[in-house]
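Take a look at the structure below.
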Amino acid sequence: LVLLAYPAAADEYPSRPITVIVPFAAGGPTDVVARIVTASMAQTLGQKMLIENIVGAGGTTAATRAARAANDGYTLIVGHMGTHAAAVPLYSRLPYDPQTDFAPISPLAGTPIMILARKDFPAKDLQEFIAYVKANTEKLNAAHAGVGSVSHASGELLNSVLGIRPTGVPFNGTGPAMDALVSGQVDYMCDQIVNAVPPVRSGTIKAYAVATPARNAALPQVPTTTEAGLPSFQVQAWNGIFAPKGTPPAVIATLNAAAAKALGDEAVRNRLLDLGSVIPPPAERTPEALATLVKSEIARWTPVLTQLH
Ligand code: MLT
């Protein structure tokens, strides 16, 4: 009996389940977007996509792991404005380069940032919030998902715009940070709308503003920062799916087609839109669009965050 081993051909990809690393805790915004989109991609690809939550260091532990994974298309990562942009100026020895250590696949969702507080925070609108945090900066606790995360970078920007220095409280993701906000253990947080929609709708936290030029249809009652008198605070985060650098182009093309199709699927779109996400239009569901986004976001955040540190 002779056993012949054939290397797997690109046209057989994927022939086994694909691991998708999420760099934060389950239940948070990155995890939720990743699960919605990859469930649809898995149907297209005919293979399971298994989410692995790897937490720590504001998402950079997971991004380091993904950058060093085998580049065979079986380990991917859902990165975001933090891991692939804001972390660059915040870590003097970031173990990966977001621009050269990854093969971008597609942007997944834009996620507007909101200013949120615990339910009993003593301010009824953004102007009262601003007055209160300025007067009480020493006793304030601001939650975030670790240095370099979206909530950390946008929180730092808000604190700098307001000239306040609260105590930062890091969590392994804004899933657990939101639990702490709902239970009143922390005072406020800047977080992605995807994570904020359920507790704002159920009235378990307060939302003061959304930091985009227009209101969001998922929470139409919440004013923009411009309407509420803080026009200089504008942040929309984003997620994208990446493979390690050197992943074969045919594999990237297969994954890109599955991601682009998922973003056009009505059930996926309805879930993402219901959570306030901004879905990239078809022309932007490309590896090139994600590479451009990473480059421009590093250029945007580097001077802002370098100045604050
Ligand atoms: C962040 O702040 O970077 C994210 O919200 C983290 C997460 O997905 O939990």
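Every read-out reported here was derived from the displayed coordinates using simple, explicitly stated rules and does not represent laboratory data. As the structure is a computational prediction, the values presented were derived from the model and not from experiment. Quick reminder, even Gly has a Cβ in these numbers, built from the backbone with ideal geometry, and neighbours come from all protein chains shown.
Gyration tensor over the Cα atoms of the chain: the corresponding equivalent ellipsoid has semi-axes (square roots of 5 times the eigenvalues, largest first) of 36, 20, 16 Å. From the Kirkwood radius over Cα pairs of segment 185-309, Stokes-Einstein at 20 °C and 1.002 mPa s returns a whole-number translational diffusion coefficient of 126 µm²/s.
Rounded to the nearest 10 degrees, the angle from helix 126-135 to the longest Cα principal axis of the chain is 70 degrees.
By the rule of a C-alpha distance below 21 Å, with chain neighbours fewer than 8 residues away ignored, the lysines paired with Lys48 are Lys261.
In plain terms, the chain from Ala217 to Lys134 could stretch by 26.8 nm, reckoned as 0.36 nm per residue minus the Cα-Cα distance. Only helical runs count toward this figure. For the chain, summing -39,500 (n - 2.57) over DSSP H runs of n ≥ 4 and dividing by all residues gives -11500 deg cm²/dmol at 222 nm.
Taking Cα pairs under 8 Å and at least six residues apart, what relative contact order does the chain come out at, in percent?
Details: 672 pairs, mean separation 86.3, N = 309.
Here the relative contact order equals 28 percent.
Annotation: amide H of Ile18 within the under-5 Å range of Lys48, Met49, Leu50, sequence separation 5 or more or interchain, hydrogens built in the peptide plane.
By the gyration tensor of its Cα atoms, with a ≥ b ≥ c the square roots of the eigenvalues, what is the shape of segment 177-247: rounded for a/c under 1.5, prolate for a/b over b/c, or oblate? Write down the numbers at each step before the final one.
Numbers: a/c = 2.10, a/b = 1.33, b/c = 1.58.
Since a/c reaches 1.5 but b/c is at least a/b, the shape of segment 177-247 is classed as oblate.
Taking a straight line from the alpha carbon of Lys124, these lysines sit under 17 Å away, with near neighbours fewer than eight places off in the same chain left out: Lys134, Lys206.
Counting Lys and Arg as +1 and Asp and Glu as -1, what is the net charge of the other residues whose Cβ lies under 12 Å from the Cβ of Tyr96? Please list the in-between numbers first.
Numbers: positive: Arg65, Arg68, Arg93, Lys245; negative: Asp97, Asp101.
So the surrounding residues net to +2.
Subtracting the Cα-Cα distance of Lys48 and Thr302 from their residue separation scaled by 0.36 nm leaves 87.7 nm. Cα centroids of segment 233-309 and segment 186-207: 23 Å apart.
Using the Kirkwood radius built from alpha carbon pairs, what does the Stokes-Einstein equation give as D for segment 86-236 at 20 °C and 1.002 mPa s, in µm² per second? Let's see the in-between values first.
Numbers: Rh = 15.8 Å.
Answer, rounded: 135 µm²/s.
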